[in-house]
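Asker: Quick one: this structure, given as structure tokens, is what I'll be asking you about.
A short reminder: the numbers here are calculations on the coordinates, not readings from a lab. The shown structure was predicted, so the numbers you read here are calculated from the model rather than taken from an experiment. Cβ: placed from backbone, ideal geometry, glycine included. Neighbour counts: every protein chain shown.
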Amino acid sequence: MVSFLFTYRGMRRPLGTAQDRIQVEVWLYGPLTRYAGEASRGSHAQIFIDLAAGCTMQDLLTLLGLPDEEKGITFINGSLAALPGLDTDRLVTLHDGDRIGISHRKSMWPFQYRFGASLTEEVQEEFRGRRDRGVHHAYATPENDSD
Amino acid sequence: MAKLLRLNMTDRTVALQDLPEAYRLLGGRGLTSAVVHDEVDPQCHALGPSNKLVIAPGMVTGTSAPTSSRLSVGGKSPLTGGIKEANAGTGFAPALASLGIRAIVVEGYPQSAGWWMAHITWNAASGKPDVTWLPADEYAGRDLYEVFPQLFDRFGKVSVAGVGVAGELRYSNSGVVFEDQEGRPARYAGRGGLGAVMGSKGLKFIVIDRKGAPGVPLANKEVFELGRKKLTDALMSHAITKPKGALNSYGTAVLINILNEAGGLPTRNFSSGRYENAAQIAGEAVFEGNKERLGKELYNHACSPGCIIRCSNTWHKPDGTEHVSCQEYESIWAFGANCGIGSLDDTGELIRLCNAYGVDTIEMGCTMAVAMEGGLLQFGDAKRAIELMHEVGKGTPLGRMLGNGTATAARLLGVRRVPVVKGQAMPAYEPRAVKGIGITYAIATMGADHTSGYTIAPEILGVSGKVDQFDRDKAALARNFQYATGFIDSTGHCLFIAFAILDIASGFEGVVEECNGVLGTSWTMADVGRIGKDVLDRELAFNRAAGIGKAQDRMPEFMRLEKLPPHNVTWDVPDSTLDAVFE
């Protein structure tokens, strides 16, 4: 487990030259904004968080206190990183300047509107390994977890 | 026996004919496209005497099938020059179906000036619908929010199809308007300028009073009920379509934040894929804004009778009074991100004005963005955009320029970034960032149309293992999406049932069984591709004869030349892939 040197929630700020720290930009949407504390704008929140270099998405989620049952569609730098039922982002290592967007579990992105969009390598690998090749709208219902 | 109702605007004669055998198993888009294919000269002028306006409820519309009050409106499009089917959810659809009318065909050409409306009632004595012609000049040139209540005061509980000022002025961007559940002029068969076709016929309104009408007969009630229950169960349990699910909570605008994060939200006339103020105009913001202004949570409502998805929202003013219904994804985006306007109050007013004057929000928002790029106003200038919308409603020369669509405005303003395919403006998904929707835009028979390629799982269509989202050649998958959509559009179901039936196969079985229960057929799921293909084949044949071929199945040049932030990607799908879709 990587330890957090410290966290900072607020405006983006320069990190200096420290090699052991990174700063990521996190957008939380809908009910998830309550995990942003005072940065919540009701429907959304934008926060900048300082992490130790080497932190993963799981570390970030732990820091935010964001429970699995509320986490929905997730992006890392504009690439689809996770969907409800596809926890493909947990082990992704974050880097300085990354933008992470997390929607509530009740959000949606139907297949035809993400067909051909940017996917993280982990999501691509997951889809390629499925019998249905990922051609579904949602993945969280047991009957659709065809593998 | 089911009927076709012909309204001849040359002499205002009416013909009620038995539904031809060739049309017996058709409904919705399948029927409108068949009539247009069979009866309209593809080379005709869209606003001339040879074009026809066809209005058809779906196969199961008017029954208790869930979320099935959809209506197709067809004709030759003055915007694209090709075949058009525009679709709306409205009480007009089941009202028409309940009269035993499978389609209204508006034809002919008026011989004198003046506006008319057709008042359709059920005659119990004759067992047939009656049509009465009434002058409608008193309603012309006016805000539809004023006119609709007057129609309901005059005729009681009726359903209305009509045109606003835009249709009267024959704008290429004019829709056919229908009432929503609260009687607002808010449900539009908006795309492709079919309001201008109706306006060219001198037909202002069609008013239906369904009182005493017999309803839609079932050929096999047991089979229908089996199917209805399966589909209902699927819709009520799927995460996207269930009560208090994604659509019921946040509406379609839940996609604003998603597409923005994906870098696929067209911004400032398709110059970027990410808008810095997107979160302020997203579905989550609509929900929170209403909660703050009303002091309670407000979930969405049904746009039409019998819808159990309930994704239509109402936006409220700061004092808690109603502003507009509805602020859905494409409409918010068109005036929001695409125009650099980050206020739901502003997008709400612009959408309300589209409803009031009778134009399509997607086309109008794209036109406004082109006008911004052309220097007519600045990006983000909501005040001026609202003023320009009033110009559209007044029919000033400037308003007429803007009312005739994105391509027309771009040509007049010397703008080269023109986000259209076949003359129709693109909806709210950036094709450079989401390549699959780009293929759909390019090859759709309707011009750039996000609703023509809805997904049904390949295994359901019987092509499992033959298509793959990771294949470089995506033609086969795109083709199957087109066929699946052609089928759903014909059933009378809202396309959003696709969200559930893709993932829950029994729901899809239910749709087919509903159709069998109404039509007396013995279709299986294997028939769906064939039925959808028939729809597309007719539309493609019409377009080819109208001069719209593969050379028009292309994305605009700027998308191949300009890299789209934040992914910095261009449109790079080979033309050979597009050409292969319908080969």
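Asker: Mean projection of the alpha-carbon convex hull of the stretch B:151-294 over all orientations, in nm²?
Answerer: 13.7
Asker: Which semi-axes, in whole Å and largest first, does the equivalent ellipsoid of the stretch B:278-367 have when worked out from the alpha carbon gyration tensor as the square roots of 5 times its eigenvalues?
Answerer: One finds semi-axes of 20, 16, 12 Å for the stretch B:278-367.
Asker: If you count the DSSP beta bridges with both ends in the stretch A:47-110, what percent of them are antiparallel, to the nearest 5?
Answerer: Here the share of antiparallel DSSP bridges comes out near 100 percent.
Asker: Take the alpha-carbon centre of the stretch A:62-104, take the same for the stretch B:82-99, and report the distance between them in whole Å.
Answerer: For the stretch A:62-104 versus the stretch B:82-99, the Cα centre distance is 42 Å.
Asker: At 1.002 mPa s and 20 °C, plugging the Kirkwood radius over alpha-carbon pairs of the stretch B:54-200 into Stokes-Einstein gives what diffusion coefficient in µm²/s?
Answerer: 137
Asker: Sticking with this structure for a sec: What ³J(HN,Hα) values, in whole Hz, does the Karplus curve 6.51 cos²θ - 1.76 cosθ + 1.60 give for the stretch B:201-206 when θ = phi - 60°, with x put for Gly and Pro?
Answerer: Along the stretch B:201-206, the couplings run 8, x, 9, 8, 9, 10 Hz.
Asker: Hey, another quick one. Quick one: if the Förster radius is 56 Å, what FRET efficiency do B:Ala124 and B:Lys383 give, using the C-beta to C-beta distance and rounding to 0.05?
Answerer: 0.55
Asker: What's log10 of I(q)/I(0) for the stretch B:63-132 at q = 0.15, 0.17 Å⁻¹, Debye sum over Cα points only, no solvent?
Answerer: Scattering profile of the stretch B:63-132, log10 relative to I(0): -0.71, -0.87.
Asker: Classify the stretch B:161-222 as rounded, prolate or oblate, taking a ≥ b ≥ c as the square roots of the eigenvalues of its Cα gyration tensor: rounded when a/c is under 1.5, otherwise prolate if a/b is larger than b/c and oblate if not.
Answerer: Since a/c reaches 1.5 and a/b is larger than b/c, the shape of the stretch B:161-222 is classed as prolate.
Asker: Using Cα positions and a limit of under 27 Å, work out the lysines in reach of B:Lys242, with same-chain residues fewer than 8 apart set aside.
Answerer: Answer for B:Lys242, where 27 Å is the Cα cut-off: A:Lys71, A:Lys106, B:Lys221, B:Lys229, B:Lys230, B:Lys291, B:Lys296, listed by chain and number.
Asker: Now for a different question. Mind checking which of B:Thr61, B:Gly82, B:Gln43 is farthest towards the positive end of the stretch B:22-84's charge dipole, using Cβ charges of +1 (Lys, Arg) and -1 (Asp, Glu) about the Cα centre?
Answerer: B:Thr61
Asker: Taking +1 at the Cβ of each Lys and Arg and -1 at the Cβ of each Asp and Glu, which of B:Pro243, B:Thr451, B:Ala546 sits farthest along the dipole of the protein assembly as shown towards its positive end, judged by Cα position relative to the Cα centre?
Answerer: Positive-end residue among those listed: B:Ala546.
Asker: Of the listed pairs B:Lys52/B:Lys550; B:Lys383/B:Lys563; B:Lys76/B:Lys201, which have alpha-carbon separations greater than 19 Å here?
Answerer: Those over the limit are B:Lys52/B:Lys550; B:Lys383/B:Lys563.
Asker: Could you name the lysines whose alpha carbon sits less than 22 Å from that of B:Lys157, not counting residues in the same chain fewer than 8 places away?
Answerer: The qualifying lysines are B:Lys128, B:Lys204, B:Lys211.
Asker: Between B:His390 and B:Asp319, what is the FRET efficiency for a Förster distance of 35 Å, r being their Cβ-Cβ separation, to the nearest 0.05?
Answerer: 0.90
Asker: Divide the volume of the convex hull of the Cα atoms of the stretch A:27-122 by its number of residues and quote the answer in cubic angstrom per residue.
Answerer: Spread over its residues, the Cα hull of the stretch A:27-122 gives 95 Å³ apiece.
Asker: If I model a spin label at B:Asp572 and B:Asp233 as a point 7 Å from the Cα along the Cα→Cβ vector, what separation in nanometres do I get?
Answerer: Roughly 4.7 nm, to one decimal.
Asker: Follow-up. Roughly how big is the protein assembly as shown's charge dipole about its Cα centre, with Cβ charges of +1 (Lys, Arg) and -1 (Asp, Glu), in debye to the nearest 20?
Answerer: Its charge dipole is roughly 1220 debye.
Asker: Now for a different question. Using 7 Å Cα-to-Cβ label points, what is the A:Gln19/A:His95 separation (nm, one decimal)?
Answerer: Calculated label separation equals 1.7 nm.
Asker: Which order do B:Phe496, B:Phe487 fall in if you start with the one that has the fewest other Cβ atoms within 10 Å?
Answerer: B:Phe496, B:Phe487
Asker: Can you classify chain B as rounded, prolate or oblate using the Cα gyration tensor, where a ≥ b ≥ c are the square roots of its eigenvalues, rounded means a/c under 1.5, and otherwise it's prolate if a/b beats b/c and oblate if not?
Answerer: Rounded, because the longest to shortest axis ratio a/c is under 1.5.
Asker: Dipole magnitude of the stretch B:276-428 about its Cα centre, charges +1 at Lys/Arg Cβ and -1 at Asp/Glu Cβ only, in debye to the nearest 20?
Answerer: For the stretch B:276-428, the charge dipole is close to 480 debye.
Asker: Next question, about the same structure. For the charge dipole of the stretch B:228-282, defined by +1 on Lys and Arg C-beta atoms and -1 on Asp and Glu C-beta atoms about the Cα centroid, which residue among B:Leu259, B:Thr232, B:Asn269 has the Cα displaced farthest towards the positive pole?
Answerer: Positive-end residue among those listed: B:Thr232.
Asker: Here's something else I'd like to know. Okay, which of the stretch B:98-123 sit inside 12 Å, backbone N to the point 7 Å along the Cα-Cβ direction of B:Glu39?
Answerer: Taking a point 7 Å out along Cα→Cβ of B:Glu39, the residues of the stretch B:98-123 whose backbone N falls under 12 Å are B:102-108.
Asker: If all Cα-Cα distances of the stretch B:306-431 are sorted into 5 Å bins from 0 onward, what percent lands in each bin, rounded to whole numbers?
Answerer: 2, 12, 22, 24, 20, 11, 6, 3, 1, 0
Asker: Now, a different point. Based on Cβ point charges of +1 for Lys and Arg and -1 for Asp and Glu, what charge dipole magnitude is obtained for the stretch B:15-116 about its Cα centre, in debye rounded to the nearest 20?
Answerer: Here the stretch B:15-116 has a charge dipole of around 280 debye.
Asker: For the stretch B:1-140, what D do you get in µm² per second when you plug the Kirkwood radius from alpha-carbon pairs into Stokes-Einstein at 4 °C and 1.567 mPa s?
Answerer: Roughly 83 µm²/s, to the nearest whole number.
Asker: Determine Rg/Rh for the protein assembly as shown; Rg is computed over alpha-carbon atoms and Rh is the Kirkwood hydrodynamic estimate from the same atoms.
Answerer: Ratio value, two decimals: 0.97.
Asker: Further question: Express as a percent, rounded to the nearest 5, the fraction of DSSP beta bridges in the protein assembly as shown (both residues included) that run antiparallel.
Answerer: Within the protein assembly as shown, antiparallel bridges account for around 80 percent of the total.
Asker: Counting other Cβ atoms within 10 Å, keep those with at most 16, restrict to DSSP loop, and tell me which trypsin sites (Lys or Arg not before Pro) in the stretch A:60-120 are left.
Answerer: Hits after loop and neighbour filter: A:Arg90.
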